[in-house]
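Encoded as structure tokens, the structure appears first; notes follow it.
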Amino acid sequence: MEISFTLHHYKKLIMKYIFTFLILLLFSSSNAQLPTTELLTYMTFENLSSEPKDNFGTQANPIQSGAFKYISDRNKMILRSIKLKNSYRWPNGDVIDFSNRKSINNGKNIVDCYTLVRKGTTDTIKLYVDPYIESTSYYIPKGLVKLNKELLAKELSPYITMIEEIERSTDPYLLKEQSAQVLQYLSQSIGIGLFNDSDMLLKPMTDEGADKDVKSFLMRAYIFNKFYALATSIDDPKDYAFSKMKSNYQKLKTSHPELKFGDLNELLK
């Protein structure tokens, strides 16, 4: 009886450890697919608090996006606008439509008033934004939530799948429709600046002997794969993207030998 009792509890203990291990493995696996802090930070306002603030984003206390502060720097101006659109979500995680905008005078200066309507409902929020001033800290307007890694991972999922399909192809050069969709999303929803690494791209992109289409294809391959690495927490995103650019180059040479490659054989060997 004593031996049976011991074996019974020993089996229960083993099963408990196996269950715990599987849970930890599942958590680790799912966590590995979450975007990096670098990507989330790039997409959202600096010093974005998790604390809601009742009057934040109101006419009396507009969100100071600072977009027009950089009117002479188009890329930075666009990035400030992108940060506004990416920092917040509806409480259920839905993306916010910022298309309904008008400018008003709040008694001090001109501010933008966005009418936010949650899709499929009549839930409406008036969000006021001052694009001429840039703040050093940001909060969550009443009725909205902060974008987090879990929500971002869900939103990025379709584009991650497209990039995986492009990378599996033996001739990714022909998948121009999928590539255009990914590129459009990145340029409009994140911005290209984070992925445009001159130390990795300058030499191949300035090779005068290579066709323009070849260089455009290789740059897309680099941008897509750096985004992929940041979106799935792969170590060393720049090295990962460069290695993928080289493998895409080899596929391109095999499938389209009629193209001109200049000195890329040496640069991307």
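The values are calculated or read from the model by the stated rules, or taken from the named source; none is laboratory data. From a predicted model like this one, the values you see are computed outputs, not experimental measurements. Here the Cβ positions follow ideal geometry from the backbone for every residue, glycine too, while neighbour counts run over all protein chains shown.
Here are a few things to note about the model shown:
- Residue match in the stretch 86-100 (condition: assigned to a helix (DSSP H, G or I) and over 12 Å from LEU127 (Cβ atoms)): yes
- Within the stretch 119-162, the residues that satisfy the criterion of being among the small types (Gly, Ala, Ser) and touching a residue at least 12 places away in the same chain (Cβ under 8 Å) are SER135, SER137, GLY143, ALA153.
- The single residue among LEU40, LEU22, LEU7, LEU13 that is assigned to a helix (DSSP H, G or I) and at pLDDT below 50 turns out to be LEU22.
- Contacts under 7 angstrom Cβ, first residue in the stretch 36-49 being closer than 17 Å to ASN225 by Cβ, partner surrounded by fewer than 18 Cβ atoms within 10 Å (Cβ to Cβ), 6 or more apart: none
- Qualifying residue in the stretch 160-179 (condition: closer than 25 Å to ASN47 by Cα, part of a helix (DSSP H, G or I), acidic (Asp, Glu) and under 21 Å from the mean Cα position of the chain (by Cα)): no
- ASN86 vs. criteria under 24 Å from LYS154 (Cβ atoms), in contact (Cβ under 8 Å) with a residue 40 or more places away in the chain and of a type outside the set (Asp, Glu): yes
- Pairs where the first residue, in the stretch 167-178, is assigned by TED's automatic domain parsing to the domain that holds TYR222 and farther than 15 Å from ILE223 by Cα and the second is at pLDDT 95 or above and of a type in the set (Lys, Arg), C-beta under 9 Å, 6+ apart: SER169/LYS251; THR170/LYS251; ASP171/LYS251
- Cβ-Cβ under 7 Å pairs, at least 6 apart or on other chains, the stretch 202-219 side within 18 Å of SER179 (Cα to Cα) and not assigned by TED's automatic domain parsing to the domain that holds ALA241, far side assigned to a helix (DSSP H, G or I) and modelled with pLDDT of 95 or more: none
- Candidate set from the stretch 54-85 (those that are in a helix (DSSP H, G or I) and among the charged types (D, E, K, R)); member that is farthest from LEU127 (Cα to Cα): ARG74
- The stretch 243-263 - residue that is in contact with a strand residue (DSSP E or B) (Cβ under 8 Å, 6 or more places away or on another chain) and either modelled with pLDDT under 95 or farther than 20 Å from LYS176 by Cβ (or both) and, of those, surrounded by the most Cβ atoms within 10 Å (Cβ to Cβ): GLY262
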